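The values are calculated or read from the model by the stated rules, or taken from the named source; none is laboratory data. Since this is a predicted model, take the numbers as computed values, not measurements. Positions of Cβ are generated from backbone atoms using ideal geometry, with glycine treated the same way; all protein chains shown enter the neighbour counts. Side chains are part of the model used for accessible areas, which takes the heavy atoms of the whole protein and leaves out ligands, DNA and RNA. Shrake-Rupley method; radii C 1.70, N 1.55, O 1.52, S 1.80 Å.
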Number of protein chains: 2
Amino acid sequence: MVAVKSGKLSASLEDYLEAIFNLAGESNVAHSKDIAELLDVSRSSVTGALRILKKKGLANYRPYDSVTLTGAGRAAAAEVVQKHNILKSFLVNILGVDVDIAQRAACKAEHTLGPEVIARLLCFIEFVTRSSKNGYDLADEFKQFCKNKLQDNRV
Amino acid sequence: MVAVKSGKLSASLEDYLEAIFNLAGESNVAHSKDIAELLDVSRSSVTGALRILKKKGLANYRPYDSVTLTGAGRAAAAEVVQKHNILKSFLVNILGVDVDIAQRAACKAEHTLGPEVIARLLCFIEFVTRSSKNGYDLADEFKQFCKNKLQDNRV
DNA sequence: TGACAAAGTTAGGCAAGGCTAACTATACTG
DNA sequence: CAGTATAGTTAGCCTTGCCTAACTTTGTCA
């Protein structure tokens, strides 16, 4: 019974997980300092978060050492990252939202949308991809449509 | 200079505004008790929130009296409500998400998505409506596509 | 090898937002 | 009009999550 699914994680903790996941990459380890910089947070806040993640069985952490994620931690992080990517892809590739704005929006919404919504969003992306292969470029059609509309309304 | 645009509101305060707006309806007034019930929060939390909304010039509030929104408050609330409705409409009518799940998702995401994203989402809804008038029922096509997909993945 | 810089931790504090319990005001009803 | 139920408020507390300042550990290099 290693990986207790201890309830939902806060948005903040998910951010830390995501940061560690992204920083770790191949090497598998992340450093407090980099986490702090990535999340724009003080080093002491990182220390606090790591202790909580450890307690929840999501991170391997010992004072003054670098961090790795446990299996459960990696799974949880991967889920968040996946949500992020799906959201961003939808926003950029289908809605045509500016990349930076989409990035920021995805960073927030990734914590609020449940699996049902994310699954359908992913499905929708596939649907659009499929239809573009079949000769109907929905995203592009929409971009045209949207350009006029948004122009009218000065948004 | 009545309506100071005093920075962004927290998700919590937006929830209170939205609740008051929805409860007020025609009558224009809302009662603490109903706000508390709607938001599933204690009455004392409502009192605290109302004092803040008053301070921000968003609510007309006097102890032991019912609440109304100021012009600025109504505008801010309407914006949140609009985001909510756009999101919910997208989730239900295009993605085919279950109504209750969509409702809950919209309640959260309404606080995190900026005007650029919302504007495009609205535009997308119009786009889909338009194309259905032109004989291509995109939402329905997607529902078919999705049904198979999601079945396969047991989501 | 020892001194210094960089990384990490600890202590203490703050703000937001929620809670319960106890109190006050209001309003309804006999 | 008195008494009680209901609505609203206040006081005091808790949790989350962040901060700064001061301290400790680690690692590097002269």
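Points worth noting:
- Extending 7 Å from Cα along the Cβ direction at B:LYS143 and again at B:SER44 yields two label points whose distance is 4.8 nm.
- Sorted shortest first, the separations between the A:ARG62 label point and its copies elsewhere in the assembly read 6.7 nm; each point sits 7 Å from Cα along the Cα-to-Cβ line.
- Portion, in percent, of the accessible area of chain A that falls on carbon or sulfur, probe 1.4 Å: 50
- Shown here are the Rg and Dmax of the Cα trace of the stretch B:11-69, at 9.8, 26 Å.
- From the C-alpha gyration tensor of the stretch A:77-152, square roots of 5λ in Å: 23, 16, 9
- Summed residue charge, Cβ within 12 Å of B:PHE124's Cβ, Lys/Arg positive, Asp/Glu negative: +2
- The protein assembly as shown: Cα Rg divided by the 2.2 N^0.38 Å rule of thumb: 1.13
- Rolling a 1.4 Å probe over the heavy atoms of the protein chains gives the protein assembly as shown an accessible area of 57 Å² per residue.
- Proximal aspartates and glutamates relative to A:LYS149, as straight alpha-carbon distance under 20 Å, when same-chain residues fewer than 8 apart are discounted: A:ASP98, A:ASP137, A:ASP140, A:GLU141, B:GLU79, B:GLU116, B:GLU126
- What separates the B:ARG104 label point from its copies, with the point 7 Å along Cα to Cβ, is 3.0 nm, written shortest first.
- Nearest-0.05 FRET efficiency for B:GLU37 and B:LYS133, computed from C-beta distance (R0 35 Å): 0.30
- Label geometry 7 Å along the beta-carbon vector: B:PHE145 inter-copy distances in nm: 1.3
- Here each label is just a point 7 Å from Cα along the line to Cβ, and for A:LYS55 and B:GLU26 those points are 5.3 nm apart.
- Take the accessible area of chain A alone and of chain B alone, subtract that of the pair, and you get about 3000 Å² summed over both chains, using a 1.4 Å probe.
- For trypsin sites (Lys or Arg not before Pro), the sites in the stretch B:1-69 that DSSP calls loop and that have at most 15 other Cβ atoms within 10 Å are B:LYS5, B:LYS8.
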